[in-house]
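Structure first, commentary second.
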Amino acid sequence: MKIHGLQKMTLLDYPGLVACTVFLGGCDFRCQFCHNYELVDGSAEPVMEEEEFYSFLSKRVGVLDGVCVTGGEPCLRPELPEFIRRIKDMGFKVKLDTNGGHPDMVKELLDAGLIDYVAMDIKNSPDKYAMTIGCEFFNLNPINRTVSLLLENRIDYEFRTTVVEQYHAETDFHEIGKWISGAKNYFLQQYVPRDTVPDCTLEAPSRETMENYVNIAREYVPTAKIRGVE
Ligand code: SF4
């Protein structure tokens with residue numbers, strides 16, 4: 001399997017653990033605020049083969065606690081369970097980042113005990129989902145199934161929404177709150193404008209707006225928090 005990026009150490013990506021982050025290219029969404037769009041549209045060249053990655057990891061046993069598997073959308077790779085199994089066999093905990101569109105893969109990983117933490121995007125309220133992910137139409141059933149799987153509380157997880165000024169409004173956080181009511185963790189992340197994203201006109205909401213939205217979300221998910229506000 002081709003690896004499209006490797007951050008050799010992070011204190012931020014895996015809550016509470018020292019980890020590395022491995023990036024797998026390809027995604028079925030087209031979010032216009034995506035910070036990793038070169039992984040989505042296929043323009044990024046692979047940086048290494050998986051054997052080289054395992055070799056890197058073998059030298060980090062006892063140094064790193066975990067591995068974050070991100071993308072792109074890792075669940076598009078049929079080889080993902082085997083890839084993660086090799087990581088787990090070296091003793092690392094594994095966090096999966098997913099857009100939530102592939103519940104069968106998430107279930108397979110959960111049932112096999114291959115993942116320890118999942119971070120799933122909730123892009124927006126149901127009515128705005130297709131628009132927010134850059135698609136004309138979108139069937140929400142897979143997203144609903146992944147939400148339900150995580151709400152079973154079999155492992156640690158978080159839902160997270162990247163909040164974009166032009167995409168989100170108060171009503172959306174009522175809708176999202178009802179949707180994921182009772183979730184363990186929910187983070188609202190302030191969008192960070194970058195000139196590498198597909199739509200450079202998108203803006204970050206103000207701190208005040210973020211605080212307003214998180215207060216709405218807390219009506220349904222009391223643990224809701226803001227992450228990364230400037
Ligand atoms: S789901 Fe994630 S990786 Fe895919 S386009 Fe959206 S932000 Fe980018």
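Values as computed for the structure displayed
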item	result
Pair list, Cβ < 6 Å and 6+ apart or interchain, from segment 208-230 residues that are assigned to a loop (DSSP other than H, G, I, E, B) to residues that are of a type in the set (S, T, N, Q)	TYR220/SER181; THR223/ASN185; GLY228/GLN189; GLY228/GLN190; VAL229/GLN190
So GLY228, is it within 21 Å of PHE29 (Cβ to Cβ) and modelled with pLDDT under 95	yes
Which numbered condition TYR157 fails, given (1) assigned to a strand (DSSP E or B); (2) within 16 Å of the ligand (Cβ to nearest atom)	(2)
Hits in segment 1-47 - residues which are part of a loop (DSSP other than H, G, I, E, B), under 13 Å from the mean Cα position of the chain (by Cα) and among the aromatic types (Phe, Trp, Tyr)	TYR14, PHE29
Hey, VAL69 modelled with pLDDT of 95 or more, within 15 Å of the ligand (Cβ to nearest atom) and hydrophobic (A, V, I, L, M, F, W, C) or not	yes
Residues (in contact with a Phe, Trp or Tyr (Cβ under 9 Å, 6 or more places away or on another chain), open to solvent by 20 Å² or more (accessible area, probe 1.4 Å) and farther than 20 Å from LEU140 by Cα) located in segment 170-191	GLU170, LYS184, ASN185, PHE187
Any hit, segment 138-154, residues being surrounded by fewer than 16 Cβ atoms within 10 Å (Cβ to Cβ), within 16 Å of the ligand (Cβ to nearest atom) and either within 18 Å of the chain's Cα centre (by Cα) or not in a helix (DSSP H, G or I) (or both)	yes
Conditions (1) in a helix (DSSP H, G or I); (2) farther than 27 Å from CYS68 by Cα; (3) open to solvent by less than 10 Å² (accessible area, probe 1.4 Å); (4) not charged (D, E, K, R); number of the one not met by PRO205	(1)
Residue match in segment 49-57 (condition: open to solvent by 50 Å² or more (accessible area, probe 1.4 Å), aliphatic (A, V, I, L, M) and either part of a loop (DSSP other than H, G, I, E, B) or away from the ligand (no atom under 16 Å from the Cβ) (or both))	no
Top-ranked residue in segment 19-34 [being farther than 12 Å from GLY5 by Cβ and not aromatic (Phe, Trp, Tyr); ranked as farthest from the ligand (Cβ to nearest atom)]	ALA19
Which numbered condition ILE143 misses (of (1) farther than 17 Å from GLN190 by Cα; (2) without any contact (Cβ under 8 Å) to a residue 12 or more places away in the chain)	(2)
Those residues of segment 208-230 which are over 21 Å from the mean Cα position of the chain (by Cα), open to solvent by less than 50 Å² (accessible area, probe 1.4 Å) and more than 20 Å from GLY182 (Cα to Cα), in sequence order	THR209
Subset of segment 169-202 (residues that are within 18 Å of the chain's Cα centre (by Cα), more than 15 Å from the ligand (Cβ to nearest atom) and either part of a loop (DSSP other than H, G, I, E, B) or at pLDDT below 95 (or both))	ILE180, ALA183, LYS184, ASN185
Of all residues making up segment 104-128, the number that are open to solvent by 10 Å² or more (accessible area, probe 1.4 Å) and in a helix (DSSP H, G or I)	9
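For (1) in contact (Cβ under 8 Å) with a residue 60 or more places away in the chain; (2) farther than 21 Å from TYR186 by Cβ; (3) touching a Gly at 6+ places or on another chain (Cβ under 8 Å), each residue gets a yes or a no:
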{"position": "GLU52", "(1), (2), (3)": "no, yes, no"}
{"position": "PRO78", "(1), (2), (3)": "no, yes, no"}
{"position": "LYS93", "(1), (2), (3)": "yes, yes, yes"}
{"position": "ASN99", "(1), (2), (3)": "yes, no, no"}
{"position": "GLU108", "(1), (2), (3)": "no, yes, no"}
{"position": "THR132", "(1), (2), (3)": "yes, no, no"}
{"position": "ARG160", "(1), (2), (3)": "yes, no, no"}
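The values are calculated or read from the model by the stated rules, or taken from the named source; none is laboratory data. Just so we're clear, the structure is a prediction, and the values are computed from it rather than from any experiment. Glycine gets a Cβ as well: all are built from the backbone with ideal geometry, and neighbour counts include every protein chain shown. The accessibility values were calculated without ligands, DNA or RNA, using every heavy atom of the protein model including side chains. Shrake-Rupley method; radii C 1.70, N 1.55, O 1.52, S 1.80 Å.
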